[in-house]
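Below is one structure, written out as structure tokens; comments come after it.
Quick note: the coordinates plus some simple rules give every number you see, no bench work behind them. Every value quoted in this text rests on a predicted model; they were computed, and no experiment measured them. Heads up, the Cβs are rebuilt from the backbone with ideal geometry, glycines too, and the neighbour counts pull from every protein chain shown.
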Amino acid sequence: MARIIVVTSGKGGVGKTTSTAAIGAGLAMSGKKTVVIDFDVGLRNLDMILGCERRVVFDFINVIHGEAKLHQALVKDKRLENLAVLPTSQTRDKDALTRDGVEKVLDQLRDEYDYIVCDSPAGIERGAHMAMYYADDAVVVSNPEVSSVRDSDRILGLLSSKTRRAERGEEPVKAQLLLARYDPARVEKGEMLKVDDVLEILAIPLLGVIPESQSVLKASNLGMPVVLDESSNAGKAYLDAVKRLMGEQIEHRVLAPERRSFFQRLLGRTA
Amino acid sequence: MNLLNLFRRSREGSAGAAKERLQILLAHERVDSEAPEYLPMLQKELIAVIEKYLDVDDEKVEVRLERGRELSTLEVNIELPGAEKLQGRARGRPTAGTLLQA
């Protein structure tokens, strides 16, 4: 019986899709059968980040409408055998995503997979609502920046009231913070909110801190989840977060500013 | 690929890969958005034709697509019942073997 995890944020551009891809790939690397689902109807992108965009045949909405079987719409990852993607529709209207339709698809996936990771669209409209409705866990992606933290707080409110667990009075959705694009050097200079500041404001457990890293853009360019880049600090941070998500106790790494050598500074590069 | 390209590629790093992926995908998507979604219909009609002659299990139909720069491939894989299954289905009717035993 799979656990359903929603990756959500409210604000756009904070790293939801990057995080979904990294978490999905990280779970698959740990031997867990994982499916990632794109809920952003009309703006398909998870396929691009995972590098399978040219192999998409059918989508989530085709399955809901009965035009394709679920197994036909799932795109298997070429690098990780435990990972599959259910792409969203690129053309249909957003009303196509119905609560019953989503439930039917999730129920079918539940028996076959260990984890179902739902990539929420930005905003608080239908797609975001559908992505969180059936969730057991929530990964709230935020950046150390005021509007992002504010929107995360809004999303936390919705998670505790507008989900099936909330409506049925069951154990609430377990929401944890994933703080992305964190720059320890700027935090040290007092230019950026500290992890502790954000935790104090949002008052939820910390799943992980992802350092700002050039490897994230590189991974996106190549269509490869960043966890597959062994030299990437961001990739390592995501793998730690994945272990915590699976229930392991992993200490948070000390987040020290990256020391740059004379040559790196000269070249304007960071690792 | 000539030697010049080789150098250019290494200087461009991952950005070159990003540009190429986008060019291929968007070329396909711009065309697709003008036409109705044909794949679900194509699949339905294709299976309807095959079902006239053969037993097809909906769950055993696999459709694979690979969009490329020069060409794209559409692969439809239909798994048909094997000898054992067919024999199982034919039970009740006397087969050559049972006739001989009798």
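Miscellaneous remarks
- Of A:CYS118, A:CYS52, the sequence from fewest to most neighbouring Cβ atoms within 10 angstrom is A:CYS52, A:CYS118.
- Take each residue of peptide B:65-74, count the partner chain Cβ atoms within 10 Å of its Cβ, and average: the result is 2.
- Proximal aspartates and glutamates to B:LYS85, defined as alpha-carbon separation beneath 18 angstrom and excluding residues fewer than eight positions away on the same chain: B:GLU51, B:ASP55, B:ASP57, B:ASP58, B:GLU59
- Taken residue by residue and averaged, Cβ atoms of other chains lying within 10 Å of the Cβ of B:58-64 number 4.
- Per-pair calculated FRET efficiency, R0 = 22 Å: B:ASN77 and A:ARG79 via Cβ, rounded to 0.05: 0.50
- With respect to chain A, whose longest principal axis is taken over its alpha-carbon atoms, helix A:146-159 is tilted by about 30°.
- Across the range A:118-188, C-alpha contacts under 8 Å between residues 6 or more apart give a mean separation that, scaled by the residue count, equals a relative contact order of 35 percent.
- If both residues of a DSSP beta bridge must be in the protein assembly as shown, then about 20% of such bridges are antiparallel.
- Value at 222 nm in deg cm²/dmol, rounded to 500, when DSSP H runs of n ≥ 4 in chain A each add -39,500 (n - 2.57): -11000 deg cm²/dmol
- Counting charges near A:LYS33 (Lys, Arg +1; Asp, Glu -1) among other residues having Cβ under 12 Å from its Cβ returns a value of -1.
- Distance violations [Cα-Cα > 22 Å] among A:LYS69/B:LYS19; A:LYS174/A:LYS243; A:LYS189/A:LYS236; A:LYS69/B:LYS44; A:LYS16/A:LYS174: A:LYS69/B:LYS19; A:LYS189/A:LYS236
- Using only side-chain charges placed at the Cβ, +1 for Lys and Arg and -1 for Asp and Glu, the dipole size of the range A:1-82 relative to its Cα centre rounds to 260 debye.
- As a rough guide to protection, the peptides B:42-54, A:199-211 ranked by mean Cβ packing within 10 Å, highest first, stand as A:199-211, B:42-54.
- Given charges at beta-carbon only (K, R positive; D, E negative), |dipole| of the protein assembly as shown in Debye: 880 debye
- Structural descriptor for chain A: relative contact order 24 percent, calculated from alpha carbon pairs under 8 angstrom and at least 6 residues apart.
- Cα shape, the range A:1-120, gyration tensor, a/c 1.5 rule: rounded
- Using 0.36 nm per residue and subtracting the Cα-Cα separation, the extra length available between B:ASP58 and B:ASP32 on full extension is 6.8 nm.
- Averaging 1/r over every pair of different alpha carbons in the range A:81-237 and inverting the result gives a Kirkwood radius of 17.5 Å.
- As a calculated quantity, the FRET efficiency between B:LEU46 and A:ASP100 at R0 = 22 Å, using C-beta atoms, amounts to about 0.15.
- Modelled FRET efficiency - R0 25 Å, A:ILE250 with A:GLU230, Cβ distances, 0.05 increments: 0.90
- For the range A:169-202, trypsin sites (Lys or Arg not before Pro) meeting the loop criterion (DSSP other than H, G, I, E, B) and having at most 14 other Cβ atoms within 10 Å: A:LYS189.
- Inter-probe distance in nm under a simple model that places probes 7 Å from Cα toward Cβ, at B:ALA15 and A:ALA185: 2.0 nm
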